[in-house]
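Here's the structure, in C-alpha cells; my notes come after.
The values are calculated or read from the model by the stated rules, or taken from the named source; none is laboratory data. Only a predicted model underlies this, so the values are computations on that prediction, with no experimental measurement involved. No Cβ is skipped: glycine too gets one built from the backbone with ideal geometry, and neighbour counts run over all protein chains shown. Surface accessibility is based on the protein's heavy atoms, side chains included, excluding ligands, DNA and RNA. Shrake-Rupley method; radii C 1.70, N 1.55, O 1.52, S 1.80 Å.
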Amino acid sequence: MVPRRGQALYFAALPDPEIANLTARLTWDQSRRNGLSREPRQHDLYHATIYPIDIASRSREEAIFAAMQAASTIHLPSFELIFDRVATFGNGNNRQYVLWCRQGNIGLKILRQELATAMQSLGFDSDVPDNFAPHMTLFYCRRALPEVMLEKPIVWTVKTFTLVNSFQGEGEHGHVWHWSLF
C-alpha cells in the first residue's frame, strides 16, 4: 500500500488529558502574546515524537509490523518529561513553536535510542539525527518567535509510548498501539 501524501509513522509520548488541556491553554496564550490567532490543536494531537519510522522505502504494513516487533522488546522504567520553555524550531515559512527543555529529558532520549537499535536490528536504517531535542509542537508559524521560560514547567510521567499513524496537514492521528513502561 502506498502511503497517502503527508503520511507519517512514528513513536510518541502522549500527554495525559490534564497536560493536554494545560498545553491547549498555553497554545492560546502564547499565540495571543505573539500577535497571532492560532487555535489550540485537538487534545489528542499533542505529542512528543520519540522516533520517526521510514515509510517511504517500505510498505506501511511492513513498517507497522517492524515497529510493533521493535516496541515489544523495550523494557524501560517510566520517566518524567519536562518542558520549561517555549521557542521556535526551524526556519522558513513553516516553523514550529514548541514546548521544550534545553537540558534533561534523558528518559525520552534513552527510549529513542532503544527504539532506534531495535528498528535497526529489523533492517531499518536510522537516519535520525543525534542532536535530538525532545519537544511538543504547539503550532506552526511563519516567523521566529522569542524563547520564553515558563513560570511553571509542564511535567508529566511517561508511562506508555504509542505508535502513531499521522496524516499530516489533515489534523488526523491514529494510535496504532500503546506499550507500557514499568
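Take the Cα radius of gyration of segment 73-138 and divide it by 2.2 N^0.38 Å, with N its residue count; two decimals is plenty. Relative to the 2.2 N^0.38 Å estimate, segment 73-138 comes out at 1.29. Residues in segment 69-161 average 54 Å² of solvent-accessible surface per residue, probe 1.4 Å, ligands and nucleic acids excluded. The C-alpha atoms of the chain define a longest principal axis, and helix 17-33 lies at about 50 degrees to it.
Helix 60-71: angle to the longest alpha-carbon principal axis of the chain, degrees 0 to 90, nearest 10? With rounding to tens, the tilt is 90 degrees.
Carbon and sulfur: what percent of the chain's accessible surface (1.4 Å probe)?
Values: 4980 of 9790 Å².
On the chain, the fraction of accessible area on carbon and sulfur atoms equals 51 percent.
Given +1 at the Cβ of Lys and Arg, -1 at the Cβ of Asp and Glu and no other charges, the dipole of the chain around its Cα centre is 580 debye to the nearest 20. log10 I(q)/I(0), Debye, Cα-only segment 44-105, no solvent, q = 0.19, 0.29 Å⁻¹? The Debye formula, applied to the Cα set alone, gives -1.00, -1.20. Every pair of different Cα atoms in the chain enters the Kirkwood calculation, which places the hydrodynamic radius at 17.0 Å. Residue-normalised convex hull volume from the C-alpha trace of segment 2-107: 148 Å³ per residue.
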